[in-house]
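Novice: Dropping a structure here in structure tokens format, bear with me for questions.
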Amino acid sequence: MERRIFLQKSLVVGSGLAISPGLLSFPKVPEYADKITILHTNDTHSNIETFPENHAKYPNQGGVARRHALLKRIRKEEKNVLLFDAGDIFQGTPYFNKFHGELEMKLMSQMRYDCATMGNHDFDIGLEGFKNAYQHGDFPFVCSNYDFTNTELKDVTKEYQIFEKGPFKVGVFGLGVGLEGLVAKTNYGDTVFQEPIPIANRIAKHLRFEEECDLVICLSHLGYKPKQFKDNDQTLAAETENIDLIIGGHTHTFLPKPEVHQNKIGEKVLINQVGWAGLALGRIDFFLGEKKKHKCHELVLV
């Protein structure tokens, strides 16, 4: 059965929390199309409360309670919803210093996150500290290019995760930034960093053709721009295939809308990143429809 993926994007801001892109209006989509809504965050950095009203840049913005309310509203309106995070859940407020990641894991579980990947700051309490905090999480972590075989995190994280929502089969994997020089050796121990692009090509191909996923999503904590990091989301998009969406993190980049890039064989791949601190919730709606004569997956802006 050949399928074609349609994408919708737009923007909404309300109640001090932005959806980027959210929903202003629906363009006309084919009658045969089914929809799945992908929601995402990155670099929340232990920000639990709303920013104070006297904050110089983000007064009365953000906060877990507002995000939770927004998620409940979207899930009430949409039947096929997945929620992801692209890393750096830890570090940045006294809540992390006091509770060492336990609170963040509990709150993400209550908000019903489906999957996350690890950022460099998620190593800040060491591997054993992360493992202890993760006892309070009930969602998987996908860390595809970190080899934890000889560490406390062996068998704790996964290479990829597959979700089935309505007619959709969605494969998700995660890529982390190089740790040497960025994270203290004592905090990552015998973790082996593997080059992300070969890993991404292998896993995406497996998810697309062996697992027959309709959507392949990468949770990336590599960073946004080539000038910032050798391994980054734009290079990842250009040098891989079979990925539909790269959900980015690490550089705290606020993208006003998802960017459309071309992969190594000229097909479209999306990149999105929504800043930091939980100030924005990313939203992308995909439409899946039957196309008997269509032989490949393609993202089409409608």
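Novice: Out of (1) assigned to a loop (DSSP other than H, G, I, E, B); (2) closer than 16 Å to Lys131 by Cβ; (3) without any contact (Cβ under 8 Å) to a residue 40 or more places away in the chain, the odd one out for Met105 is which?
Specialist: The single condition Met105 does not satisfy is (1).
Novice: How many residues does segment 242-283 hold that are within 25 Å of Gly178 (Cα to Cα), among the β-branched types (Val, Ile, Thr) and part of a loop (DSSP other than H, G, I, E, B)?
Specialist: 3
Novice: Restricting to segment 123-146, name every residue that is closer than 11 Å to Tyr188 by Cβ, without any contact (Cβ under 8 Å) to a residue 60 or more places away in the chain and not in a helix (DSSP H, G or I). Don't jump to the end; show me each part of the working.
Specialist: First, the residues of segment 123-146 that are closer than 11 Å to Tyr188 by Cβ: 123-124, 126-127, 130, 146.
Next, only the ones that are without any contact (Cβ under 8 Å) to a residue 60 or more places away in the chain stay: 130, 146.
Result: Tyr146, single match.
Novice: Now for a different question. Within segment 164-194, can you find the residues that are hydrophobic (A, V, I, L, M, F, W, C), surrounded by 18 or more Cβ atoms within 10 Å (Cβ to Cβ), in a strand (DSSP E or B) and modelled with pLDDT of 95 or more?
Specialist: Hits for segment 164-194 are Val170, Val172, Phe173, Leu175, Val183.
Novice: Cβ contacts < 8 Å: first residue of a type in the set (Ser, Thr, Tyr), restricted to segment 55-79; second residue at pLDDT 95 or above and surrounded by 12 or more Cβ atoms within 10 Å (Cβ to Cβ), any location; separation 6+ or different chain. Result?
Specialist: Qualifying pairs under 8 Å: Tyr58/Phe51; Tyr58/Ala277; Tyr58/Leu279.
Novice: Okay, next question. So, Gly126, is that one buried (at least 20 other Cβ atoms within 10 Å of the Cβ) and at positive phi or not? Show your work before the answer.
Specialist: Values: buried (at least 20 other Cβ atoms within 10 Å of the Cβ): no; at positive phi: yes.
So Gly126 does not fit the description; no.
Novice: While we're on this one: Six or more apart or on different chains, Cβ under 9 Å: which pairs go from a residue in segment 194-205 that's without any contact (Cβ under 8 Å) to a residue 60 or more places away in the chain to one that's basic (Lys, Arg)? Could you list them?
Specialist: Asn201/Lys264
The values are calculated or read from the model by the stated rules, or taken from the named source; none is laboratory data. These numbers come from a predicted model, not from an experiment. For neighbour counting, all protein chains shown are included, and Cβ atoms are generated from backbone atoms with ideal geometry for every residue, glycine included.
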